[in-house]
Amino acid sequence: MGRYREGHLKEKDMTIREAQERVDQWIKTYGVRYFNELTNMACLTEEVGELARVMARKYGEQSFKEGESQDVSEEMADVLWVLLCLANQTGVDLTEELQKSIEKKTQRDSLRHIHNKKLLA
């Protein structure tokens with residue numbers, strides 16, 4: 001799976017549920033309150049755009065502007081942060097929902113990609 005090494009856990013690693021709890025605690029301690037859901041949706045869109053900009057420059061044909069962030073990992077973490085906020089404020093357990101999504105994709109696509117000639121070329 002890309003550059004991520006499966007089974008490579010560090011002491012500071014956390015589960016998705018723990019991440020949701022840490023973000024919730026941070027918001028309650030430092031953030032006063034969550035922005036409303038629509039504001040956070042706009043923030044998520046903004047963060048995805050920032051990630052897209054870095055990806056286009058790092059892996060695509062565009063070049064970086066002087067002083068522009070080149071850190072893909074930071075932008076991915078910003079996207080995850082806002083997604084965790086949205087999950088918390090809408091009552092979504094992302095651990096449970098990700099497990100359901102993996103099961104759904106496995107049932108639906110278990111042979112689809114294996115037989116995709118475009119992927120085998």
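Given DSSP loops and a limit of at most 11 other Cβ atoms within 10 Å, what is the longest stretch of the chain that contains no such chymotrypsin sites (Phe, Trp or Tyr not before Pro)?
60-121
Obtain the nm distance between the two label points defined at Asp71 and Asn116 by a simple spin-label model: each point lies 7 Å from its Cα along the Cα-to-C-beta direction.
In this crude label model, Asp71 to Asn116 measures out at 3.2 nm.
By Kyte-Doolittle mean hydropathy of at least -0.5 and Cα axial length of at least 20 Å, which whole DSSP H helices of the chain are selected?
Answer set is 37-58, 72-90.
State to the nearest 20 debye the size of the charge dipole of the chain about its Cα centre, where the only charges are +1 on K and R beta carbons and -1 on D and E beta carbons.
Its charge dipole is roughly 620 debye.
Name the trypsin sites (Lys or Arg not before Pro) in the stretch 57-102 that are in a loop by DSSP and that have at most 11 other C-beta atoms within 10 Å, would you?
For trypsin sites (Lys or Arg not before Pro) across the stretch 57-102 that sit outside H, G, I, E and B with at most 11 neighbouring Cβ atoms in 10 Å, the list reads Lys65.
Could you work out [θ]222 nm for the chain from helices alone, using -39500 (n - 2.57) per DSSP H run of at least four and dividing by all its residues? Round to the nearest 500 deg cm²/dmol.
Dividing the helical sum by the residues of the chain leaves -20500 deg cm²/dmol.
Restricted to Cα positions, what overall size does the chain have along the principal axes? Three whole-Å values, descending.
Result, largest extent first: 52, 43, 34 Å.
How high is the relative contact order of the stretch 22-121, in percent, with contacts defined as C-alpha pairs under 8 Å that are six or more residues apart? Walk me through the numbers before you get to the answer.
Details: 44 pairs, mean separation 30.1, N = 100.
Once divided by the residue count of the stretch 22-121, the mean separation gives 30 percent.
Throughout, read-outs are computed from the coordinates displayed, never taken from laboratory work. Keep in mind the model is a prediction, meaning the values are calculated, not measured. Neighbour counts are summed over all protein chains in view; Cβ atoms, including those assigned to glycine, are modelled from backbone coordinates with ideal geometry.
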